[in-house]
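Participant: A single structure is presented below for examination.
The values are calculated or read from the model by the stated rules, or taken from the named source; none is laboratory data. None of the values given here were measured: they were computed from a predicted structure. Cβ placement follows ideal geometry from the backbone for every residue including glycine, while neighbour counts extend to all protein chains displayed. Just so you know, the surface numbers come from the protein's heavy atoms only, side chains and all, with ligands and any DNA or RNA stripped out. Shrake-Rupley method; radii C 1.70, N 1.55, O 1.52, S 1.80 Å.
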Amino acid sequence: MSKRLKTAVIGCGLIGKRRAEQAVKHEKTQLDIVVDINLQNAEQLAVKYNCKSSASWQPIIDEVDIVIVSTPNALLTNIAVSALEKNKHVLIEKPMGCNFEEAKLLFNTAKKSKGLFKVGFNHRYHPAIQLLKTWLNENKIDEIINIRAVYGHGGRPGYEKEWRGDKSLAGGGELIDQGVHIIDLINWLMGKLPEQVFALLQNKVWPIAPLEDNGFALLKYSKNVVACFHTSWTQWKNKFLLEVFGKKGAIIVEGLGKSYGQETITLYQNKLGGGVPDQQTIAFPDQDLSWSLEWQDFVDCILRREPFLNYAQEGLQVMQTLQALYKSAELNQMIACNEVL
Ligand SMILES: NC(=O)c1ccc[n+]([C@@H]2O[C@H](COP(=O)([O-])OP(=O)(O)OC[C@H]3O[C@@H](n4cnc5c(N)ncnc54)[C@H](O)[C@@H]3O)[C@@H](O)[C@H]2O)c1
């Protein structure tokens, strides 16, 4: 295909700018229009990339092939559904809507659309995470028995006044924010969603009640494989840690580059005679390629006309898991994921 796919970015904040850069750099896409309710944000980006700008998204959908939606969570669904109904390809930022109901609406609309649909889960495309998946497929540590993860940052002054501190705009607190990345990664590594979950939520520092600034989750998969994670807005020094334990070793991913520290992966393989396991560590350069790799994957799938329903399905399962976690925290009891269907 020689023609470039025309792309619009709706929501020109932190993430919209990153997505815009990818649309400009990719040889098969071009950035046509950037949209932000705060026109100044859109205009700045339009000047940088020599494209059009607009303060409203409704009139511009017809002009493009791909719509990237990177607004606060509460606006994602409405914009994405409208674009899918017009058979546009849609990449929306995580989470897949503000709750499971919105995710179902997105999934059902994606099923009927000729456009391809993907939720932005860029963490899957970090090189250490890609290698983790490869090593698991190569059976380097045998069957997974349990998984542990930590993901967090410490917010910034005035964080409570941003849209993430407002339930009507965010849908939830830290669990729906960084927690969805961890849920997505664990479900993806497991190849399924958990059977049962339990969660405890805290609100200790940020004045954002009823939203949580810390979430603790326990996920029970079939064959009694257990995963747990802690996601936090009071992790004063940014941290990302994902530990996968198998019957014959472990794989540990730490860091995501930059403020999260160098991205590394370590493989521990047990020795037949016991003792200290063999250890191999790989460190990756401090360059976040996840955005360009995710965009490459998205565009490849559009060009190959591959249906994106597997991505939509996985996004839906993340929201189902999340819904069960919130319900568990509310009722203070273990919840079967099927209970929230
Ligand atoms: N993948 C990741 O790691 C990651 C990281 C951060 C945020 N996100 C997601 O990206 C999305 C945006 O987050 P952000 O940090 O860039 O937020 P942000 O506040 O920096 O940017 C949001 C932008 O959307 C604009 N906006 C608000 N209402 C709009 C409307 N009706 N039409 C057009 N524009 C509108 C705002 O003016 C703002 O410029 C969220 O869904 C968030 O969950 C993903």
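Participant: Residue check: is Val35 touching a strand residue (DSSP E or B) at 6+ places or on another chain (Cβ under 8 Å) and either open to solvent by less than 40 Å² (accessible area, probe 1.4 Å) or more than 10 Å from the ligand (Cβ to nearest atom) (or both)?
Facilitator: Values: touching a strand residue (DSSP E or B) at 6+ places or on another chain (Cβ under 8 Å): yes; either open to solvent by less than 40 Å² (accessible area, probe 1.4 Å) or more than 10 Å from the ligand (Cβ to nearest atom) (or both): yes.
The answer is yes for Val35.
Participant: Which one is farthest from Gly16 (Cα to Cα), of the residues in the range 68-89 that are within 13 Å of the ligand (Cβ to nearest atom) and among the β-branched types (Val, Ile, Thr)? Give the derivation first.
Facilitator: Kept after step one, since they are within 13 Å of the ligand (Cβ to nearest atom), are these residues of the range 68-89: 68-80, 82-83.
Still in the list and also among the β-branched types (Val, Ile, Thr): 68-69, 71, 77, 79.
Numbers: Ile68: 8, Val69: 8, Thr71: 8, Thr77: 16, Ile79: 14 Å.
That would be Thr77.
Participant: A further question follows. Which one of the conditions (1) open to solvent by 10 Å² or more (accessible area, probe 1.4 Å); (2) more than 20 Å from the chain's Cα centre (by Cα) does Leu316 fail to meet, given that it meets all the rest?
Facilitator: (2)
Participant: Follow-up question, since we're still on this one. Would you check which residues across the range 238-256 are of a type outside the set (A, V, I, L, M, F, W, C), open to solvent by 10 Å² or more (accessible area, probe 1.4 Å) and part of a loop (DSSP other than H, G, I, E, B) and list them?
Facilitator: Selection gives Asn238, Lys247, Lys248.
Participant: Right, something else. So is Glu63 under 23 Å from Glu294 (Cα atoms), out of contact with any Cys (no Cβ under 8 Å at 6 or more places or on another chain), open to solvent by 20 Å² or more (accessible area, probe 1.4 Å) and more than 12 Å from the ligand (Cβ to nearest atom) or not?
Facilitator: Taking the combined requirement at face value, the residue does not satisfy it.
Participant: Being over 19 Å from the mean Cα position of the chain (by Cα) and within 27 Å of Gln313 (Cα to Cα) narrows it down to one residue among Asn224, Asn187; which is it?
Facilitator: Numbers: Asn187 fails: over 19 Å from the mean Cα position of the chain (by Cα).
Unique residue meeting the criteria: Asn224.
Participant: Let me ask something additional. Residue under question is Lys94, and the condition is that it be closer than 25 Å to Leu256 by Cα and open to solvent by 10 Å² or more (accessible area, probe 1.4 Å); does it hold? Spell out the reasoning first.
Facilitator: Details: closer than 25 Å to Leu256 by Cα: yes; open to solvent by 10 Å² or more (accessible area, probe 1.4 Å): yes.
Spelling it out, Lys94 is indeed closer than 25 Å to Leu256 by Cα and open to solvent by 10 Å² or more (accessible area, probe 1.4 Å).
Participant: Right, Asn99: over 26 Å from Gln323 (Cα atoms), assigned by TED's automatic domain parsing to the domain that holds Val34, away from the ligand (no atom under 12 Å from the Cβ) and not hydrophobic (A, V, I, L, M, F, W, C) or not?
Facilitator: Numbers: over 26 Å from Gln323 (Cα atoms): no; assigned by TED's automatic domain parsing to the domain that holds Val34: yes; away from the ligand (no atom under 12 Å from the Cβ): yes; not hydrophobic (A, V, I, L, M, F, W, C): yes.
The answer is no for Asn99.
Participant: Of the residues Ala149, Ala199, Ala128, Ala217, which single one is within 16 Å of the ligand (Cβ to nearest atom) and in a strand (DSSP E or B)? Steps first, please.
Facilitator: Details: Ala199 fails: within 16 Å of the ligand (Cβ to nearest atom); Ala128 fails: in a strand (DSSP E or B); Ala217 fails: within 16 Å of the ligand (Cβ to nearest atom).
Just a single option satisfies the conditions, and that option is Ala149.
Participant: For the range 164-186, how many residues meet the condition of being open to solvent by 10 Å² or more (accessible area, probe 1.4 Å) and more than 10 Å from the ligand (Cβ to nearest atom)?
Facilitator: Matching residues across the range 164-186 total 4.
Participant: Could I ask something else about it? Kindly evaluate Pro194 against the criterion of being in the same structural domain as Leu136 (by TED's automatic domain parsing), touching a strand residue (DSSP E or B) at 6+ places or on another chain (Cβ under 8 Å) and assigned to a loop (DSSP other than H, G, I, E, B).
Facilitator: Working: in the same structural domain as Leu136 (by TED's automatic domain parsing): yes; touching a strand residue (DSSP E or B) at 6+ places or on another chain (Cβ under 8 Å): yes; assigned to a loop (DSSP other than H, G, I, E, B): yes.
Yes; evaluated as a whole, the condition is true for this residue.
Participant: Examine the range 76-86 for a residue that is of a type in the set (S, T, N, Q), closer than 18 Å to Gly179 by Cα and surrounded by fewer than 24 Cβ atoms within 10 Å (Cβ to Cβ), and state whether such a residue exists.
Facilitator: Step one: of the range 76-86, the residues of a type in the set (S, T, N, Q) are 77-78, 82.
Going one step further and asking which of them are closer than 18 Å to Gly179 by Cα, we end up with none.
Looking through the range 76-86, none of the residues is of a type in the set (S, T, N, Q), closer than 18 Å to Gly179 by Cα and surrounded by fewer than 24 Cβ atoms within 10 Å (Cβ to Cβ).
Participant: Restricting attention to the range 119-139, which residues are small (Gly, Ala, Ser) and within 24 Å of Ala103 (Cβ to Cβ)? Step through it out loud before you land on a result.
Facilitator: First, the residues of the range 119-139 that are small (Gly, Ala, Ser): 120, 128.
Hit for the range 119-139 is Gly120, nothing else.
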